[in-house]
1. At 1.002 mPa s and 20 °C, plugging the Kirkwood radius over alpha-carbon pairs of the stretch 37-83 into Stokes-Einstein gives what diffusion coefficient in µm²/s?
2. In the chain, with Lys and Arg counted as +1 and Asp and Glu as -1 at Cβ, which of these residues, 53, 81, 18, has the Cα nearest the positive end of the dipole, that is, farthest along it?
3. Jot down the per residue volume, in cubic angstrom and as a whole number, of the convex hull over the alpha-carbon atoms of the stretch 3-82.
4. Using the count of nearby Cβ atoms within 10 Å as a rough guide to exposure, how do 22, 58 rank from fewest to most?
5. Kindly express, to the nearest 10 degrees and within the range 0 to 90, the angle between helix 60-82's C-alpha long axis and the longest C-alpha principal axis of the chain.
6. To the nearest 10 degrees, how steep is helix 18-33 against the longest Cα principal axis of the chain, on a 0 to 90 scale?
7. Just need the relative contact order of the chain here, percent rounded to a whole number, with Cα pairs under 8 Å and 6+ apart.
8. Taking neighbour counts of Cβ atoms within 10 Å as a proxy for exposure, in what order, fewest first, do 52, 45 appear?
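What follows is calculated from the coordinates using simple rules that are stated; it is not laboratory data. These numbers come from a predicted model, not from an experiment. Every residue, glycine as well, gets a Cβ built from its backbone with ideal geometry; the counts of neighbours run over all protein chains shown.
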Amino acid sequence: MPGWIAGAIKNIRKPELVWIRVPIAALLIAGGLLSFLPVLGIWMLPLGFLLLAQDIPVLQRPLVLIFEWTEASFRSVKARLWA
């Protein structure tokens, strides 16, 4: 990951910046729901939910399960295609 992105992520994850993180997460989720428009995309949904999960612990476990399932599915498809 480029240094400037890593620095931005490190800064936004500081606990005292919840007042910035929650609106950014809401905008990313809204942008993901409007993914039919140019520039906006479905990639914004998981990023928004990840940011929001830092402040809402109830979201953490479901997100972990979804990402584990996605990774397992990707590995399965990759194994079938390249086997």
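1. Roughly 173 µm²/s, to the nearest whole number.
2. 81
3. 131
4. Arranged by neighbour count, lowest to highest, 22, 58 become 58, 22.
5. 30
6. 40
7. Numbers: 56 pairs, mean separation 16.5, N = 83.
Answer for the chain is 20 percent.
8. Values: 52 19, 45 16.
Fewest-to-most Cβ neighbours within 10 Å comes out as 45, 52.
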